[in-house]
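Working notes, beginning with the structure itself.
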Amino acid sequence: MARRSSPEVNAGSMADIAFLLLIFFLVTTTIETDSGISRKLPPIEESEEDVVIKQKNIFTVLLNGKDQLLVEDELMELEEIRAAAIEFLDNGGGKGEDGCDYCKGKKDPRSSDNPDKAIISLKNERETSYAAYISVQNELVAAYTHLRNVRAEELYGESYSEMIKNYRDVNWPGNKKKLKQKINNLRKDYPQKLSEVQ
Amino acid sequence: MSKFNKKNKGEIPAVNTASLPDIVFMLLFFFMVATVMRDNDLKIKNELPAANQVEKLDKKELVMYIYAGKPNSGYQSQYGTEARIQLNDKFAEISDVPAFIYAERESKREELRPFLTTALKVDKETNMGIVGDIKQELRKVNALKINYTTRIGDVSLNKN
């Protein structure tokens with residue numbers, strides 16, 4: 001008896017089914033953003049005695065209600081603030097114990113002693129727009145990243161951003177513990193001291 | 001004779017669509033993998049500002065989201081056009097923030113609680129006043145790690 005071959009399944013509607021699913025996922029997809037600028041808020045309990053910080057170690061940035069930028073009592077554009085912050089942080093005007101042997105700044109005694117003491121104080125008003133505030137935050141973080149990059153090139157021959165990228169990369173073949181140590185060293189040399197005043 | 005001119009009757013043969021499902025499936029798989037189902041239905045305008053010095057938030061389950069922005073047009077008759085806070089699926093007042101943080105903390109395992117981060121997803125046209133108020137409330141409940149969620153891009157995009 002001749003065996004009948006089973007009839008072929010018609011796959012013509014497969015494309016339709018797949019299209020249906022595709023359109024469903026297209027519509028429901030929102031590619032979520034999950035990156036941003038991380039900050040740490042100061043704890044609320046005020047310490048009894050105020051820590052005295054020398055005026056020359058504070059870099060005041062004020063963003064007013066009309067989104068105008070006042071840096072150290074001078075009107076400034078957003079594009080200039082990065083350079084100004086770098087100059088302030090890398091000044092290294094301190095003497096002796098407060099000195100900074102890796103700073104490349106002008107060593108102006110009227111500006112910051114060393115990067116560890118230098119504090120950027122960012123003030124805003126209630127009417128300041130959030131976009132402008134984030135722009136300024138971004139530029140200030142960029143200033144720190146720039147200084148760390150320069151320092152990393154000097155110490156380890158690769159940039160800080162590159163090291164961070166490697167640290168995040170799961171496929172990176174190098175020694176992560178050592179890398180973390182290097183990153184921490186750089187963060188100690190240029191600590192991010194950015195205070196957000198209400 | 002007819003034996004030889006079966007082919008080439010002058011008609012154009014139909015395009016073979018056998019590989020169409022394959023292409024569609026490829027697209028389908030891409031979207032399936034890239035999809036993150038949104039767990040909050042946004043009732044506010046939420047266009048994030050751009051920044052390029054960003055850090056990635058890697059542990060999704062350790063993030064609490066606070067949204068702020070102008071209410072969408074459908075809600076403006078009820079809630080006005082002033083920027084509002086949204087927690088989970090509801091509009092909220094500033095005073096609701098601590099309760100929200102406590103509830104979120106309760107829902108996480110105890111050993112993970114110190115690592116919780118608050119992501120502020122704030123529309124770029126919002127005033128800093130409301131953001132400052134949120135930050136103040138967060139300080140009161142000791143939720144000090146925050147993240148200003150942004151798009152990745154140059155800051156010049158923030159100017160209109």
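The values are calculated or read from the model by the stated rules, or taken from the named source; none is laboratory data. Given the structure is predicted, the values throughout are model-derived calculations rather than measurements. Note that each Cβ is placed from the backbone with ideal geometry, even for glycine, and that neighbours are counted across all protein chains shown.
Just a few scattered comments:
- Residues satisfying the stated conditions in the stretch A:73-103, i.e. within 22 Å of the chain's Cα centre (by Cα), charged (D, E, K, R) and assigned to a loop (DSSP other than H, G, I, E, B): A:Glu77, A:Asp90
- Per the conditions (1) closer than 14 Å to A:His146 by Cβ; (2) surrounded by fewer than 21 Cβ atoms within 10 Å (Cβ to Cβ), the sole criterion not satisfied by A:Cys103 is (2).
- Residues in the stretch B:129-151 that are among the aliphatic types (A, V, I, L, M), surrounded by fewer than 22 Cβ atoms within 10 Å (Cβ to Cβ) and over 15 Å from B:Asn46 (Cα atoms): B:Ile134, B:Val141, B:Leu144.
- Annotation: of all residues in the stretch A:7-42 being assigned to a loop (DSSP other than H, G, I, E, B) and either charged (D, E, K, R) or at pLDDT 80 or above (or both), the one that is farthest from B:Leu20 (Cα to Cα) is A:Pro42.
- Residue match in the stretch A:140-161 (condition: surrounded by 14 or more Cβ atoms within 10 Å (Cβ to Cβ), among the hydrophobic types (A, V, I, L, M, F, W, C) and outside any helix (DSSP H, G or I)): no
- For the residues B:Pro21, B:Pro13, the requirement of being of a type outside the set (S, T, N, Q), within 30 Å of A:Ala15 (Cβ to Cβ) and surrounded by fewer than 11 Cβ atoms within 10 Å (Cβ to Cβ) singles out B:Pro13.
- If the condition is being loosely packed, with under 14 Cβ neighbours inside 10 Å and touching a Pro at 6+ places or on another chain (Cβ under 9 Å), then the stretch A:62-100 contributes only A:Lys95.
- Selection of the stretch A:137-155 for residues being in contact with a helix residue (DSSP H, G or I) (Cβ under 6 Å, 6 or more places away or on another chain) and farther than 30 Å from A:Met76 by Cβ yields an empty set.
- Given (1) over 18 Å from B:Gln86 (Cβ atoms); (2) more than 12 Å from every other protein chain (Cβ to nearest Cβ), index of the condition B:Arg139 fails: (2)
- Flag for A:Tyr133 being without any contact (Cβ under 8 Å) to a residue 60 or more places away in the chain and assigned to a helix (DSSP H, G or I): no
- Within the stretch B:48-94, considering residues that are of a type in the set (Val, Ile, Thr) and facing chain A (nearest Cβ under 9 Å), the one surrounded by the most Cβ atoms within 10 Å (Cβ to Cβ): B:Val54
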